[in-house]
Amino acid sequence: MTDAAQNPPRDALVHITDIHFWEIVRNPLQLLNKRFLGNLNVILRRRRAFDTSHAAAFADALAATGVRVLFAGGDFTSTATDGEFRQAAAFLENLAARGMQIIIIPGNHDVYTFESVRKRRFERHLGAFLPEAGYPCRITLPGGTPMVLAPTVCPNWLSSRGRIADADVDRVARLIAEAPPGPLIVGSHYPVLHATEGYASGPMRRLRNADALRRALVDAAAQRPILFLSGHVHRFSDQPDPEAPRLRHCTTPALFHRHRQGGIAGAFSEIHVGQEDFLVRPHTLRDDT
Ligand SMILES: [Fe+2]
Ligand SMILES: [Fe+2]
């Protein structure tokens, strides 16, 4: 039995990610960029695969866990429009009104076009939930667990690639090193492993400089247990790093992602932090949620 299962957890949080609120853009002026491709994807695929009409029911299910800290790992939107961000803000406000502490980071779809970055849409719509220090930063969960938030996204002309600068890898490493001892969580949109038993990321969907970030995490895990929580791949995965058993990589599926075989309408993870390790419990949400 794990330590987290034996002892009362010092902290608990739910991890939701890749919410992908969507709207179909009809104004041709808004389609003169990468959004043309993203909009096509919404029309052909996302509006069926991501049934966001469950949003209120899912908020009920998240609140029903009894966990009062929620980490939302990015990709709130599909093509970073004002309308999609408004849906995301309403969803997070609903959860906050139920007493949940909300922690967020952006995903690549939240900086989908250069124009959306220039207009600071993510910051304007979700500013109430952003950490004061910006990214990267370290926050402390109510039970004392340190959590470091890593910035991994950038706009691209065509690909879905992320980026973390060397300077930010150094800052993440310093934030971890300076944290009080004990288990620590790192939150990121992109995973740093390109393939696990749960997923395989193509070269156009990976994090640039992932190896540098992973190296920093492997080094830090010599001192303490680290849970690296990410999304982006829309699959559940939970495994130790091949080089560092105390570094655990966990990805959570998209919140509203409909399973092809039907029945499953979404998923999230519930995490309990023990004195020396973590308990990760995947949840699936059924159509009748
Ligand atoms: Fe996503
Ligand atoms: Fe993503």
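The values are calculated or read from the model by the stated rules, or taken from the named source; none is laboratory data. As the structure is a prediction and not an experimental result, all values here were calculated from the model. Cβ: placed from backbone, ideal geometry, glycine included. Neighbour counts: every protein chain shown. Please note that ligands, DNA and RNA were not included when accessible areas were found on the heavy atoms of the full protein model with its side chains. Shrake-Rupley method; radii C 1.70, N 1.55, O 1.52, S 1.80 Å.
Summary of values
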item	result
Span-like helix ranges in the chain, DSSP H, alpha carbon extent 18 angstrom or more, Kyte mean at least 0.5	none
Cut-off of 10 Å, at most 15 other beta carbons, DSSP loop: longest stretch of the chain lacking such GluC sites (Glu not before Pro)	1-131
Test item: Cα-centred dipole of region 3-286, Lys/Arg +1 and Asp/Glu -1 on Cβ, debye	980
Rounded to 5, percent antiparallel among DSSP beta bridges of region 3-286	55
Over the chain: helical MRE at 222 nm, DSSP H runs n ≥ 4 each giving -39500 (n - 2.57), nearest 500	-7000 deg cm²/dmol
Carbon/sulfur fraction of accessible area - region 3-286, other protein chains in place, 1.4 Å, %	53
Given charges at Cβ of Lys, Arg, Asp, Glu: region 110-261 dipole, positive-most of HIS249, PHE236, PRO183	PHE236
Accessible area of region 143-289 divided out per residue, in Å², using a probe of 1.4 angstrom	43
Gyration tensor (alpha-carbon) shape descriptor, region 3-286, a/c threshold 1.5	prolate
Rh by Kirkwood over Cα pairs, then Stokes-Einstein D for region 196-252 at 0.692 mPa s and 37 °C, µm²/s	277
Selection of trypsin sites (Lys or Arg not before Pro), region 1-104, meeting DSSP coil and at most 11 other Cβ within 10 Å	ARG26
Trypsin sites (Lys or Arg not before Pro) restricted to DSSP loop in region 204-289 with at most 11 other C-beta within 10 Å	ARG260
